[in-house]
Ligand code: COD
Ligand code: ZN
Ligand code: ZN
């Protein structure tokens, strides 16, 4: 069958909307009619060339949700008609980490930047007959996708897919960093630097975990207003204020118990470290571009402060468990998802959506398929 998709060719160039040939699902694969896909910064990092992928052309997009319309031989987890959220790290279930309950570190995560499906062949082909890769094995900027059944999480069909899609990446990434990696405790103090599509969910996670003080720092005023609506008790405009000095003021000079960096810049990781109290933890969420090879963390401050600096990927979450849990909290009104979608776009408007992201206009822009 044919599918229209947004194809990445060269760093620095806009995505090209093309009609591609899509093969039938092979063994262990499913075809999904995409309903919605969030415009996450990681796809933009590929477009900008700061996060290289192994091949081009490649269809980007990994924060997606849709409806299963066909299944290949041997598929057992999923059936036609199921509503699914796509997972940007597949869950093989049999590698050492999956068996140990750490599916966020599944051995198949290494496939994210490669392009082909798990059997090393391609399901997408362009008009010139070239194979087309799928970012994160997904390539969700496409009307239809064929993906491994290991990359989908079935969700109840009453959830609006244009908000459920966000749970597949940014929501679990930010929320999981707080509850699964750092383990924020009731009554504690939290700082989130960078309250975009990921950091905003760290703010929500801190609220749900019962933190007393939740400080959000960003360079865009509107993001700070949104953060306050989603649970931040204090906000810092990093364009005018010294983040560390303001955090010290807010916490009476002690610093926060838990700091999160959701931008991916060494300077802001340094600010998170300097803002943390004795025995506090710093959790780095963003994948920094590979040109950076060090972070400004004082070794003396690390020891005297007895601090912990750690990273997190996919919110250190088992997505198959966490995605339905977050959606259940959405049902209860505890987790805000509708508020995260600040603009919607058609597939043809994908580049405009990314321009808006770069300009700081959205918490999340979402592409909806008509
Ligand atoms: N100080 C404070 N805030 C800043 C600064 C600064 N110097 N610079 C930028 N910001 C703010 C922006 O205004 C924005 O609000 C926010 O930081 C960044 O948010 P977004 O919405 O632009 O980006 P996100 O939230 O989609 O993604 C950011 C990450 C860095 C977390 C993401 O790209 C990433 O690297 N994720 C890695 C984790 C992961 O699991 N990746 C795989 C798939 S995403
Ligand atoms: Zn993402
Ligand atoms: Zn695995």
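Read-outs: derived from the displayed coordinates by stated rules, not from any lab. Computed from a prediction, not measured in an experiment: that's the story for all the values here. Positions of Cβ are generated from backbone atoms using ideal geometry, with glycine treated the same way; all protein chains shown enter the neighbour counts.
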Rounded to the nearest 5, the percent of DSSP beta bridges in the chain running antiparallel is 55 percent
Computed from the beta carbon distance with a Förster radius of 51 Å, FRET efficiency for residue 212 and residue 119 to the nearest 0.05 stands at 0.50
Highest-MSF residue in the chain out of 291, 334, 265 [GNM, Cα springs under 10 Å]: 291
The simple spin-label model distance between residue 23 and residue 343, using points 7 Å out along Cα→Cβ, in nm, is 3.7 nm
In vacuo Debye sum over C-alpha of the stretch 197-268, base-10 log of normalised intensity I(q)/I(0) at q = 0.12, 0.24, 0.28 Å⁻¹, listed in q order, is -0.28, -1.23, -1.58
Hey, rough spin-label estimate for residue 304 and residue 127, points 7 angstrom out along Cα→Cβ, what's it come to in nanometres? 6.5 nm
To make sure I understand, if each residue's beta carbon is the centre and we count other beta carbons within 10 Å, what order do 314, 292 fall in, fewest to most? 292, 314
Just 303, 71, 152 to compare: in a GNM of the chain, with alpha carbon springs under 10 Å, which one fluctuates most? 303
Quick one: check the C-alpha center-to-center distance for the stretch 204-224 versus the stretch 78-146, whole angstrom. 32 Å
So if each residue of separation counts as 0.36 nm, and I subtract the Cα-Cα distance between residue 351 and residue 94, what length gain in nm does that give? 88.7 nm
Most exposed first by the Cβ proxy, i.e. fewest other Cβ within 10 Å, how do 212, 274 rank? 212, 274
Spin-label zone in the stretch 8-35 - amide nitrogen under 16 Å from a point set 7 Å from the Cα of residue 2 along the C-beta vector: 17-23
Considering every pair of different Cα atoms, what Kirkwood radius, in Å, is found for the stretch 173-313? 14.3 Å
How high is the FRET efficiency from residue 225 to residue 358, r the C-beta distance, R0 25 Å, rounded to 0.05? 0.80
Difference of contour (0.36 nm per residue) and Cα-Cα distance, residue 56 to residue 80: 5.6 nm
Residue among 49, 286, 174 with the largest mean-square fluctuation in a Gaussian network model of the chain, springs linking Cα atoms under 10 Å: 49
So how do 87, 34, 310, 58 line up by other beta-carbon neighbours within 10 Å, fewest first? 310, 58, 34, 87
Pulled fully out, how much extra length does the chain show between residue 368 and residue 325, if you take 0.36 nm times their separation in residues and subtract their Cα-Cα distance? 13.1 nm
One quarter of the convex hull surface, Cα atoms only: what value does that give for the chain in nm²? 17.2 nm²
Taking 37 °C and 0.692 mPa s as the conditions, I'd like the Stokes-Einstein D for the stretch 267-345 in µm²/s, using the Kirkwood hydrodynamic radius from alpha carbon pairs. 211 µm²/s
